[in-house]
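The values are calculated or read from the model by the stated rules, or taken from the named source; none is laboratory data. Here the structure is a predicted model, which means the values were calculated and not measured. Keep in mind that these areas ignore ligands, DNA and RNA; they rest on the heavy atoms of the full protein, side chains included. Shrake-Rupley method; radii C 1.70, N 1.55, O 1.52, S 1.80 Å.
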Amino acid sequence: MEVKPLNKQNHYEAIAGQLRRLIDDGSVKPGDKLPSARELSERFGVGRSTMREALSALKAMGYIDIRQGGGSVVRPPEERAGGLPPLLAAAGATREELLELLEARRSLELANVALAARKRSADDVARLRELAEGMSGTLGDDLEGERYDMEFHLALAHATGNRMMARLYESLMAPIERAIRAVRRTELYASREVAGRLADAHERILLAVEAGDEALAAAEMQAHLEHVERIVMKHL
């Protein structure tokens, strides 16, 4: 099976696209077993985490089964998801539905951060500071970067002092996180440069909340979310 090494890192979607074309044109047939994730990562010249995201995308589209201890096996064509972009296939959502989720998230986050700036306690600020510093200290670590990012935004929801706002945030973010997890890890957190920009944005949001400046906190959050959404939109 011949593949082309990538010129840029972390493009799990490009890997999934190459493998999908090999399956579609019959170079790899139903029932065939793909090389191991380690071997594929070496052929493509990418890290294993990126390779795992690509295989997960192919699984979500119905192209392969990933078997415990048995590698990845190509599935029959009638079981495939019609070549949807991996982000939408993994989310089980249409493009319109994902856009609506992102719009709802933006509205809720802007309300949360303004309310947090008005009602935050010293303990809330200390928790936000801990999470912001944690993210700055783990740049390039996709798993830790994701954890600190999610906990920071959840801590903002709790800093509103309104339990309903926190519950709304948690219920809304569950489908969004499922949808964009692969993009977030590979395009945001695994890159030290991009992760650094996210950490800087969190720091600015924290300072505005700590100062009690509702308008500035909302403006910083708006800029932060627009940056993330621009990256996500490239995959739709």
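Dividing the convex hull volume of the Cα atoms of segment 186-234 by its residue count, what figure in Å³ per residue is obtained? Let's see the in-between values first.
Working: hull volume 2.6 nm³, N = 49.
Dividing the Cα hull volume of segment 186-234 by its residues yields 54 Å³.
Rolling a 1.4 angstrom probe over the protein heavy atoms, how many square angstrom per residue are accessible across segment 87-234?
Numbers: 6790 Å² over 148 residues.
Per residue, segment 87-234 has 46 Å² of solvent-accessible surface.
Quick check: convex hull of the Cα atoms in segment 87-234, volume per residue, rounded to a whole Å³?
Convex hull volume per residue, Cα atoms: 88 Å³.
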